[in-house]
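The values are calculated or read from the model by the stated rules, or taken from the named source; none is laboratory data. This is a predicted model, so every value here is computed, not measured. For neighbour counting, all protein chains shown are included, and Cβ atoms are generated from backbone atoms with ideal geometry for every residue, glycine included. Side chains are part of the model used for accessible areas, which takes the heavy atoms of the whole protein and leaves out ligands, DNA and RNA. Shrake-Rupley method; radii C 1.70, N 1.55, O 1.52, S 1.80 Å.
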Amino acid sequence: MKTTTAMPAALLVECRSIQHQLVTHHAALLSEAGYIRDQCGSRMLESALLLVLLDRNRTHLDVQQRLRRYLLDSHPDTFLEAQAKAAALCDDSGRQQLEEYLRGFQHFTGERKYLLLNTLFAILGAVPLDTRTLSTDPATLRYGDQARWTDALLCAIKILHASSCGGAPDHADLAYLVQLLQEHQGRVWEGHLLVHLVALHALHASQMHSDVIRAGITALVQTMNPDGGIPFCTEQEIWGTALAGAAIAEAAGLSHPALAKMGRFITQTQQRDGGWGYTRTTTQTDVDDTCKCIAFLRILGPAAHRPHLHNARRYLERIADPDGGFPTYVKGHQPEVELTAEAIIALSPDWPHHTPTLNRSLDYILQAQHRDGSFDLSWTLSASAVILHVIDALDDAQRFTFPGQRRAARITQAINKATTFLETAQNPDGGWGHQPGHASDLLSTAQALPVINRHSRQPSSINRGLHYLIGQRRNDGTFASPPDQVGPRPIPYDFPELANTHTLIALTNVLATA
């Protein structure tokens with residue numbers, strides 16, 4: 001059993017005060033349309049790609065100057081960011097190191113992810129374009145059955161490869177890419193700046209469709225942040241609103257006036273297939289956003305949102321892998337532990353209607369646990385982010401069903417192993433980092449605390465974690481953290497308000513048992 005410890009009175013009062021302030025802060029961010037406003041932070045990779053694109057097209061000299069200033073003034077947090085900055089600023093001192101990194105790069109998506117990274121840095125002039133993939137396995141560049149942005153990227157990469165070899169790009173490839181970009185004329189395609197940039201570089205290399213390039217550049221330039229850089233994507237307002245809405249409801253109750261407007265926004269952005277995407281401008285739905293929206297609408301009231309929840313659950317059932325895992329985007333693609341855990345959380349309140357799927361999903365995540373108690377990362381850098389989703393799923397399995405003696409024992413063992421992993425990974429300052437031994441950060445700590453609060457047998461861990469969390473508060477009462485979301489994996493991107501949302505979730509979880 002979990003060992004509890006009394007929270008000091010002063011700490012309890014402070015946590016409640018911060019909880020109230022964060023609810024108020026989130027409500028102040030609500031737009032008229034009902035979504036939480038949050039701006040993706042600038043990223044060096046996209047900023048470097050835009051600078052090179054503008055330079056090659058000899059346009060927007062003022063924007064080029066601002067991009068260079070942003071890159072010069074920014075301090076990269078990762079190796080790939082540092083290499084993107086150096087390449088855009090014509091510094092080739094790290095070229096050998098980058099080539100070694102790319103040669104040794106491994107990811108479960110295999111050649112395709114290597115090909116993307118190689119192409120990105122080849123566009124920047126940091127490395128030569130590796131054309132071996134086309135000659136050894138042309139199927140690597142087959143597009144049409146992936147997520148929409150993956151299809152667009154593969155088509156663009158195929159055009160870049162053809163151009164680099166001195167040949168003419170396939171007319172069908174060019175027509176496909178141009179058609180995609182023209183779907184959102186005047187806006188960034190699908191809200192995804194990285195894909196839009198690679199597509200425009202491909203069209204530039206083909207020396208065709210200058211009108212599409214000009215329109216695309218205009219759309220990209222309009223996304224520039226005050227610091228002079230550009231972000232990875234325009235918005236993430238559906239995902240962020242669903243997460244924040246659930247946090248507000250749990251902290252302040254269903255009577256909070258912001259919730260009705262947020263609920264309407266979420267129901268209005270559900271797509272025809274029953275799922276949700278990360279932003280209003282995308283047509284690509286995914287398991288992650290859909291699960292977040294299901295969780296929020298269920299809190300607001302399952303009866304009031306029955307049609308939307310029914311269609312969303314059908315979406316999840318259709319995309320599930322026969323072995324129980326859930327992919328991010330497309331049925332039949334590689335399933336992932338974190339997405340599978342989120343699907344269990346979304347479907348578990350209706351367990352009797354989804355028993356075969358949920359039992360297979362439970363077995364999938366139980367088999368996926370590593371010996372040390374952790375799990376493979378998904379769209380995050382943080383081990384505690386994945387563990388939190390898995391533990392929430394396992395807790396729900398115990399709450400909503402009797403899983404059978406053998407499976408129940410495995411669930412208990414998995415919870416204990418994951419909790420021990422987090423207990424061991426806690427730093428002397430009370431916080432958690434992305435991985436054991438890494439410096440503490442707010443997001444990793446906020447996502448570890450609910451697990452520690454519910455399952456830890458170390459009485460001091462929760463209070464130490466809370467002291468670290470509260471210590472990260474800024475003068476204006478808000479919180480900040482290094483990002484833990486990644487896209488494309490393993491490159492991080494930052495939506496600053498997530499630090500406040502996850503802090504609110506953590507505090508509410510702890511206060512519920514104080």
Go through region 447-495 and give me each residue that's β-branched (Val, Ile, Thr) and free of Cβ contacts under 8 Å to residues at least 60 places away in the same chain.
-> ILE452
Region 118-144 - residue that is modelled with pLDDT of 80 or more and open to solvent by 70 Å² or more (accessible area, probe 1.4 Å) and, of those, nearest to the chain's Cα centre (by Cα) | ARG142
Name the residue, out of TRP239, TRP189, that is among the aromatic types (Phe, Trp, Tyr) and over 30 Å from ILE123 (Cα atoms).
-> TRP239
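Yes/no per residue for (1) in a helix (DSSP H, G or I); (2) polar (S, T, N, Q); (3) more than 22 Å from the chain's Cα centre (by Cα); (4) over 14 Å from ASN225 (Cα atoms):
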| position | (1), (2), (3), (4) |
| --- | --- |
| LEU50 | yes, no, yes, no |
| LEU53 | yes, no, yes, yes |
| ARG68 | yes, no, yes, no |
| LEU72 | yes, no, yes, yes |
| ALA82 | yes, no, no, yes |
| LYS85 | yes, no, yes, yes |
| ASP92 | no, no, yes, yes |
| LEU116 | yes, no, no, yes |
Filter pass, GLY41 being open to solvent by less than 30 Å² (accessible area, probe 1.4 Å), among the small types (Gly, Ala, Ser) and over 25 Å from GLU250 (Cβ atoms) | yes
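Pick from ALA6, ALA10: which is surrounded by fewer than 16 Cβ atoms within 10 Å (Cβ to Cβ), assigned to a loop (DSSP other than H, G, I, E, B) and either over 21 Å from the mean Cα position of the chain (by Cα) or not acidic (Asp, Glu) (or both)? First the steps, then the outcome.
Details: ALA10 fails: assigned to a loop (DSSP other than H, G, I, E, B).
Every option except ALA6 fails the conditions.
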Looking at LEU22, is it within 30 Å of PRO257 (Cβ to Cβ) and either open to solvent by less than 80 Å² (accessible area, probe 1.4 Å) or not in a loop (DSSP other than H, G, I, E, B) (or both)?
-> yes
How many of the residues in region 249-269 are in contact with a helix residue (DSSP H, G or I) (Cβ under 7 Å, 6 or more places away or on another chain), part of a helix (DSSP H, G or I) and open to solvent by 20 Å² or more (accessible area, probe 1.4 Å)?
-> 4
Spot the failing condition for THR282; the list is (1) among the hydroxyl-bearing types (Ser, Thr, Tyr); (2) open to solvent by 10 Å² or more (accessible area, probe 1.4 Å); (3) closer than 18 Å to GLY191 by Cα, and only one is missed.
-> (2)
Just for helices (runs of 4 or more DSSP H) wholly inside region 413-514: which have at least 1 residues that are of a type in the set (A, V, I, L, M) and over 15 Å from GLN19 (Cα atoms)?
-> 442-455, 459-471
